[in-house]
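The values are calculated or read from the model by the stated rules, or taken from the named source; none is laboratory data. Not measured: the values here are computed from a predicted model. Cβ atoms come from the backbone with ideal geometry, glycine included; neighbour counts cover every protein chain shown.
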Amino acid sequence: MAIAPGSPVKLWYSPGACSFAAHIALLEAGLQPELILAQTGKMTEEFAHVNPKMRVPVLAVGDEVITEMPAILTAISALNPTRQLLGQNTAEIVRSYEWLNYLSGTLHGQGYGGLWRPERFVSDESLHAAVQERARQTIKDCCAFIDGKLSESKSTNSVGDSFTGVDAFLMVFYMWGFRANINMDTDYPAYAALAHRLLQRESVIEARKVHVHMC
Ligand SMILES: N[C@@H](CCC(=O)N[C@@H](CS)C(=O)NCC(=O)O)C(=O)O
């Protein structure tokens with residue numbers, strides 16, 4: 001497997017999707033990926049060959065095709081090691097993976113998966129509303145947990161005092177919160193303060209132009 005600086009990079013994305021985080025991280029690494037649209041709900045047979053799981057983001061680095069956010073952010077970090085996009089030292093890197101797995105598995109998979117794709121949890125349509133209600137509570141519990149962690153922390157970012165891929169992933173869920181009619185700014189002030197700082201970053205401004213339907 002060769003994931004080396006200088007390799008050509010492609011990112012399959014969908015507007016409004018979590019691929020926003022990968023796009024931000026790529027720009028933070030100083031890379032200009034080839035962007036390929038794979039719109040959720042309209043994914044093609046051709047895309048199925050790229051990722052049989054039928055999900056974005058997908059990152060290609062040379063011949064290597066990488067899926068799953070923690071793996072993708074690891075690959076992006078390796079493409080520009082000087083940026084230390086998973087943290088400045090081992091302790092921070094460990095914390096980055098702790099965050100990424102939580103965000104990916106619990107907030108994304110259980111929370112937003114249940115809210116927007118209840119059919120993945122139970123086939124019986126009469127139970128979908130109950131799944132969605134529980135998922136909404138999971139989302140709120142996660143946001144409260146994130147807010148608590150950030151407000152207790154003495155650091156400026158989610159991991160340490162510099163930007164990491166975790167900040168990029170947190171941006172996705174901050175914006176999705178509004179789509180789910182959760183008042184992120186009022187209910188989770190520490191999370192919102194981080195998000196508002198991140199919204200000023202050049203990478204976030206640029207990536208938002210592509211992921212226009214975020215909020
Ligand atoms: N575990 C995957 C989840 C990726 C995922 O669910 N992506 C969504 C967009 S945010 C998707 O492609 N959905 C397509 C669909 O549900 O049909 C990851 O971390 O990358």
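Among the residues of segment 115-125, write down those that are surrounded by 14 or more Cβ atoms within 10 Å (Cβ to Cβ) and in a helix (DSSP H, G or I).
LEU115, TRP116, PRO118
Looking at segment 1-114, what helices (runs of 4 or more DSSP H) fall wholly within it and have at least 1 residues that are among the polar types (S, T, N, Q)?
Helices (runs of 4 or more DSSP H) meeting the threshold: 19-28, 69-79, 90-102.
Search segment 133-161 for residues that are within 14 Å of GLY177 (Cβ to Cβ) and pair each with any residue that is modelled with pLDDT of 95 or more and in a loop (DSSP other than H, G, I, E, B) when their beta-carbon atoms are under 6 Å apart and the residues are at least 6 apart or on different chains.
Partner pairs satisfying both residue conditions: CYS143/TYR188; ASP147/TYR188.
Being surrounded by fewer than 17 Cβ atoms within 10 Å (Cβ to Cβ), touching a Leu at 6+ places or on another chain (Cβ under 9 Å) and in contact (Cβ under 8 Å) with a residue 24 or more places away in the chain is the requirement here; does ASN101 meet it?
Working: surrounded by fewer than 17 Cβ atoms within 10 Å (Cβ to Cβ): yes; touching a Leu at 6+ places or on another chain (Cβ under 9 Å): no; in contact (Cβ under 8 Å) with a residue 24 or more places away in the chain: yes.
Criteria not met by ASN101.
Return yes when SER7 is buried (at least 22 other Cβ atoms within 10 Å of the Cβ), in contact with a Gly (Cβ under 9 Å, 6 or more places away or on another chain) and farther than 30 Å from GLN132 by Cα and no when it is not. Steps first, answer last, please.
Details: buried (at least 22 other Cβ atoms within 10 Å of the Cβ): no; in contact with a Gly (Cβ under 9 Å, 6 or more places away or on another chain): yes; farther than 30 Å from GLN132 by Cα: yes.
In short, no.
Could you list, in sequence order, all residues of segment 37-56 that are among the small types (Gly, Ala, Ser) and out of contact with any strand residue (DSSP E or B) (no Cβ under 6 Å at 6 or more places or on another chain)? Give the derivation first.
Applying the first criterion (among the small types (Gly, Ala, Ser)) to segment 37-56 yields 38, 41, 48.
Hits for segment 37-56 are GLY41, ALA48.
Quick one: is LEU73 among the hydrophobic types (A, V, I, L, M, F, W, C), more than 14 Å from the ligand (Cβ to nearest atom) and closer than 13 Å to GLY165 by Cα? Can you show your working first?
On the way: among the hydrophobic types (A, V, I, L, M, F, W, C): yes; more than 14 Å from the ligand (Cβ to nearest atom): no; closer than 13 Å to GLY165 by Cα: yes.
Considered against the rule, which asks whether it is among the hydrophobic types (A, V, I, L, M, F, W, C), more than 14 Å from the ligand (Cβ to nearest atom) and closer than 13 Å to GLY165 by Cα, LEU73 comes out as no.
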